[in-house]
Structure formats: C-alpha cells, structure tokens
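The values are calculated or read from the model by the stated rules, or taken from the named source; none is laboratory data. All values derive from a computational prediction rather than experimental measurement. Cβ placement follows ideal geometry from the backbone for every residue including glycine, while neighbour counts extend to all protein chains displayed.
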Amino acid sequence: MTKMKPDKIHIIGSVASGKTTLARSLSTRYNLPHHELDNVVWQRTDTGDVRRGEKDRDDYLQSIIKEDAWIIEGVHYEWVSKSFENADMIIFLDISYRKRIYRIIRRFVLQKLGLEKANYVPTFKMFRKMFIWNRYFEEKSKQEIVAILGTHQNKLCIVREPAELEKNLFSEEKSWKN
C-alpha cells in the first residue's frame, strides 16, 4: 500500500457496505471531492433519474479521473478500470453479508422515517432489489472484483470490519504527515 497521502481514492463494495459513509468521511478529512458512481450512471433531474448512455457515462467518469484529486465510490467495476488505474488507493469494503443485510433494513427504515436521505425513492420494490443486489454481490461480483483488483495489490486496502479502517488506513496517515 502507498505511504504517501492519497489524492485519488476509489472505494468499492456491495450495497450497504459503507462506501458512501466512508467517502464522505474521507472527503471531509482530506478535503477531497467525492463522486458517487450511481450519479455517473444516472443523470439526476427534477422529474426523475435518466440513465446515461455508455459514452456519456464513460466521458463523465473520464472527466472526474482527469481532476487532480477525487474520491470515487460505488459497486460498479466492469467499466471503471481507468479509475482503478489512476487511483492512489483502492479501498475494497468486504463487509460481512449479515452485517450488510442489517444495514439494508436499517437504511430503509431510516429513509422511510425521513431521517436519512436517498438518491432514489425508498419503495418496497427498491428495498427488495437491495437484497437481490447484495446476494448477487456475495455470489458473483465479489469474486470478479477480487480478480480485477489483483493487479492493484500495491495500492489496495481490503476492509472486512469498520474498525480495521482506523488500524490499517488511518495509521498510514502518520507517515503521510512526515
């Protein structure tokens, strides 16, 4: 893993693994702009979300990657290889399946109560999809992501428990300041 302060961080993990929470925290901590890949895929409008075409999506991602500093986060991995290549650090949130299920339920309840905001309408249909995506990640996507990230071992940090972040990631911060 790198010993210098990262200016370009890519965070990847399943739904409810803590990607957005971590990205927001790191964005504040290191004064880096934060970009959600869902917002690269979807153009958010007042009348609803519109899926970008592949070329527009890829051009948008490329415009972010060209910036001097960024945090990019999302579950997407098939079309983001340039982000992995350009990142100083890649954080793979490999949080347990059971913990992600708990977080999906908790998030839905908080969103329905209006205590947590979402880029989507928290319907029961979306709630159900979260479980489907979580299972798909566990059974298929995770293995594919691990294979892809295998070529980036020198800048990869795999986190299985949130407490590992303080131990593994933020302990590096001391060497960045020296």
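Which of the strands (runs of 3 or more DSSP E) contained wholly in the range 33-130 include at least 2 residues that are loosely packed, with under 13 Cβ neighbours inside 10 Å? Break it down into steps so the answer makes sense when it comes.
Values: elements: 34-36, 42-45, 48-51, 70-74, 89-93.
By residue number, 42-45, 48-51.
Might you let me know whether the range 7-27 holds any residue that is surrounded by fewer than 13 Cβ atoms within 10 Å (Cβ to Cβ) and modelled with pLDDT under 95? I'd like the intermediate steps shown before the answer.
At the first step, the residues of the range 7-27 found to be surrounded by fewer than 13 Cβ atoms within 10 Å (Cβ to Cβ) are none.
So far as the range 7-27 goes, no, none of its residues is surrounded by fewer than 13 Cβ atoms within 10 Å (Cβ to Cβ) and modelled with pLDDT under 95.
Of the residues that make up the range 36-56, is at least one charged (D, E, K, R) and touching a Leu at 6+ places or on another chain (Cβ under 8 Å)? Talk me through it step by step, then tell me what you get.
We begin by selecting, within the range 36-56, every residue charged (D, E, K, R); these are 36, 38, 44, 46, 49, 51-52, 54-56.
Still in the list and also touching a Leu at 6+ places or on another chain (Cβ under 8 Å): none.
No.
Might you check whether a residue that is aliphatic (A, V, I, L, M), over 22 Å from residue 86 (Cα atoms), part of a helix (DSSP H, G or I) and at pLDDT 95 or above occurs anywhere in the range 134-154? Let's see the steps before the verdict.
Initial filter on the range 134-154 (aliphatic (A, V, I, L, M)): 145-149.
Now narrow it down to the ones that are over 22 Å from residue 86 (Cα atoms): none.
Checked against the condition, which is being aliphatic (A, V, I, L, M), over 22 Å from residue 86 (Cα atoms), part of a helix (DSSP H, G or I) and at pLDDT 95 or above, the range 134-154 yields no hits at all.
Conditions first: (1) within 21 Å of residue 8 (Cβ to Cβ); (2) at pLDDT below 95; (3) surrounded by 12 or more Cβ atoms within 10 Å (Cβ to Cβ). Residue 162 passes all but one, so which condition is the exception?
That leaves (1) as the condition not met.
For residue 82, only one of the following conditions fails: (1) basic (Lys, Arg); (2) touching an Asp or Glu at 6+ places or on another chain (Cβ under 9 Å); (3) touching a residue at least 24 places away in the same chain (Cβ under 8 Å). What is its number?
(3)
Out of 118, 69, which single residue is modelled with pLDDT under 95 and within 22 Å of residue 40 (Cβ to Cβ)?
Values: 69 fails: modelled with pLDDT under 95.
Result of the check over 118, 69: 118.
Within the range 131-147, restricting attention to residues that are of a type in the set (A, V, I, L, M, F, W, C) and closer than 18 Å to residue 159 by Cβ, which residue is surrounded by the fewest Cβ atoms within 10 Å (Cβ to Cβ)? Show your work before the answer.
The first filter runs over the range 131-147 and keeps only residues of a type in the set (A, V, I, L, M, F, W, C), leaving 131-133, 137, 145-147.
Okay, now just the ones that are also closer than 18 Å to residue 159 by Cβ, so 137, 145-146.
Values: 137: 21, 145: 20, 146: 13.
Of everything passing the filter in the range 131-147, 146 is surrounded by the fewest Cβ atoms within 10 Å (Cβ to Cβ).
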